[in-house]
Structures are given as structure tokens and as C-alpha cells.
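Participant: Would you mind keeping the following structure in view while I ask a few things?
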Amino acid sequence: MVKLYEFAIGTSKCRRINKLLASFPYLLRHRIRPSLMQLRRIDDPSVVRDPENSLLLYPDVSIRDTDPDVAALAYDEEETGSSRRKSRELCWVDKRTLPWKLLPGKALELCARAQNRPLWVCDRMAKELAVVDDISPKFTNRERMTLIGYVDKLSRSIGACERIHQTVVPLNYARHALRSLTVWLWTLPFALVKDLGLLTGPVVAIVSWILYGVYEIGTRIEDPFQGTLRLSIYCDAIRRDVLADAIVRDTAFELEDDGKPL
């Protein structure tokens, strides 16, 4: 859609928006799964840091309500009004790697300072679109609000992913389900031995393997971002669709009949 209004937005601004869009899935993945970010501590003597190509930042972590330290600090701040939050550890990354090399110009340093980096990218894209001048009647406030609406949907996806990541199955429910399943499997041989005889052992073993496997799968898909989904494949596909295939995709906006007399 941005390419469709390039005549109003401008070529350089379109490229900046596309780079921001391509970096968004990587930053969202880093927020949901911080372990995937190649962070190195600033005081780590085992790694030599190149000051010219290193980017200083703090870890961007999506907190969970099961973290007791975070909960204690939140309750204390509500009751006393004072904030005693722990200082974050300063780290660095190589700015020549993804997604940092996608962020254009000064946006790299500014994005690195943000607490919620994917949301910062959405805010920057919305700002880039908001300041585009009208070219009536082809580009007006209607087209501008439509493009900003797409950015708004993208920002809502951050909250949707965080809800999936942060909403866990209650621990008491998980424990009770496991205990109930274990008790049922313990008593199953007594119900089958009369009819199956020596086959009771193999049958109970197979049934136990199936049911415990279903239980384990259920705990895995509770948070699909923690290894169930291969997020790197999705991120790479989005980047290639937005940037790598841009030259071929741009041909869709060139009509063969343009300039021909009717």
C-alpha cells in the first residue's frame, strides 16, 4: 500500500517505512523470546567489542505475571508509591546483524533506547505517514488514515502476542490434572487384568505413553512462542517479501496502458 502512494509519500520515506516494517517481526520476536537476541554484557571480558559496530542497549523483555520479583515490586509501588525497580544490565549487539541493520539512520539509536521496541517502530511508521502532505484528490486525509490504520493493527498484534505469552494455565489446575491422570493410570491395570491377563502391562504402558504425551503437548502449546513456532522462518519471509522482492513487486504498480491515448 505504501508503494501505491509513493508519489505523495516520497521514495526515500517509502524506503524508510519498508525497512521499519521489515524490522518489526524481528523486534517482536526478541520481545517475546529474549533468549534469541545475541546480547553480550558490556563487562564481559571474553568477547572483544568493536565500538564502531556495536550498539548499546538494555534487554527488552515481556514480563509474565508468574514472576514473583516483578509482582512484589508492583505491589510495593502501589502501596508505598515508591519505585525500587532493579537496574537493567547494559548489553551490546552487533549493529551489522538483523534486525539492527534494517533500522534507518538515527532510528537505530533511538529504537535501541526504547523499552518496547516493536511499539516504537509502529509509532515511527505512524509519524512518517502522519506528516505526509495532501495531494488532492489522489492522496488526502482518507488515504493517510487508512495507512495509519494498518499501522494501528500492527501495534495491536504486539498486545495480542503478549497476552498469549503472559497468560499461563493456573499452576493448581496443571498439577491437579497431572495428579488425576496419574491416579487413573495407577488404577487402570486392576480394571483390565481380568480381561487382558498378561497383556495388561503392555496395554497400560501404551495408554500411559499416549495420555502423558497429550498432557505434555498441552503444556507446550500453552505458549507457542517458546519453541513450538519457528519464528525465525516467519521473520525472514516477511523481510524478503517487504525488501528483497520489492523490485519485482513494484512492477505490479506499473500499468502497461499508462500514457497511451484512448
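The values are calculated or read from the model by the stated rules, or taken from the named source; none is laboratory data. Every value quoted in this text rests on a predicted model; they were computed, and no experiment measured them. A quick note on method: Cβ atoms are made from the backbone with ideal geometry, for glycine too, and the neighbour counts reach across all protein chains shown. Ligands, DNA and RNA are excluded from the accessible area calculation, which covers all protein heavy atoms including side chains. Shrake-Rupley method; radii C 1.70, N 1.55, O 1.52, S 1.80 Å.
Participant: Where nothing but the Cβ of Lys and Arg (+1) and of Asp and Glu (-1) is charged, how large is the charge dipole of the chain around its Cα centre, in debye to the nearest 20?
Facilitator: That gives a dipole near 260 debye.
Participant: Considering only protein heavy atoms and a probe of 1.4 Å, how much of the accessible area of the chain is carbon and sulfur, as a whole percent?
Facilitator: Looking at the chain in its full context, I get 58 percent from C and S.
Participant: Here's another thing I want to ask about it. Sum up the charges of everything whose Cβ sits under 10 Å from the Cβ of residue 30, counting Lys and Arg as +1 and Asp and Glu as -1, but leave residue 30 out.
Facilitator: Once positives and negatives cancel, what remains is +3.
Participant: Taking Cα atoms, how many degrees apart are the long axis of helix 68-80 and the longest axis of the chain, rounded to 10 and kept between 0 and 90?
Facilitator: So the helix axis and the longest Cα principal axis differ by about 70 degrees.
Participant: With the crude spin-label approximation of a point 7 Å out along Cα→Cβ, what separation in nm comes out for residue 243 versus residue 108?
Facilitator: Placing both labels 7 Å along Cα→Cβ, they lie 1.2 nm apart.
Participant: I would also like to ask the following. Please report the net charge: other residues with Cβ closer than 9 Å to the Cβ of residue 55, K and R +1, D and E -1.
Facilitator: Combined, the nearby Lys, Arg, Asp and Glu give -1.
Participant: Just the accessible area for residue 32, please: 1.4 Å probe, Å², rounded to the nearest 10?
Facilitator: Surface open to solvent at residue 32 totals about 0 Å².
Participant: Would you tell me the accessible area of residue 214, worked out with a 1.4 angstrom probe on the heavy atoms of the protein chains, in Å² to the nearest 10?
Facilitator: 90 Å²
Participant: Further question on the same structure: Once the Cα atoms of the chain are picked out, what are the Rg and Dmax in Å?
Facilitator: 26.1, 91
Participant: Would you tally the net charge around residue 13, using a Cβ to Cβ cut-off of less than 12 Å, leaving residue 13 out, and scoring K and R as +1, D and E as -1?
Facilitator: Local net charge: +3.
Participant: Apply the Karplus curve 6.51 cos²θ - 1.76 cosθ + 1.60, θ = phi - 60°, to the phi angles in segment 212-218 and return the couplings in whole Hz, x for Gly and Pro.
Facilitator: 5, x, 4, 4, 5, 4, x
Participant: Counting only protein chains, not ligands or nucleic acids, how are 123, 152, 133, 60 ordered by accessible area (probe 1.4 Å), most first?
Facilitator: Descending accessible area places them as 133, 123, 152, 60.
Participant: Over the chain, with the other protein chains present, what is the accessible area per residue in square angstrom, probe 1.4 angstrom?
Facilitator: Per residue, the chain has an accessible area of 67 Å².
Participant: Name the residues whose placed amide hydrogens come within less than 5 Å of the amide hydrogen of residue 222, ignoring near sequence neighbours (fewer than 5 apart) on the same chain.
Facilitator: none
Participant: Which whole-Hz ³J(HN,Hα) couplings does segment 181-188 yield from phi under the Karplus relation 6.51 cos²θ - 1.76 cosθ + 1.60, θ = phi - 60°, glycine and proline marked x?
Facilitator: The phi angles translate into 5, 5, 4, 5, 5, 5, 8, 4 Hz.
Participant: Roughly what angle does helix 11-32 make with the longest principal axis of the chain, taking Cα atoms, 0 to 90 degrees, to the nearest 10?
Facilitator: 10 degrees
Participant: Enumerate the calculated ³J(HN,Hα) couplings along segment 150-160 in order (Karplus 6.51 cos²θ - 1.76 cosθ + 1.60, θ = phi - 60°), each rounded to whole Hz, writing x wherever the residue is Gly or Pro.
Facilitator: Couplings: 5, 5, 5, 5, 5, 5, 5, 5, 5, x, 5 Hz.
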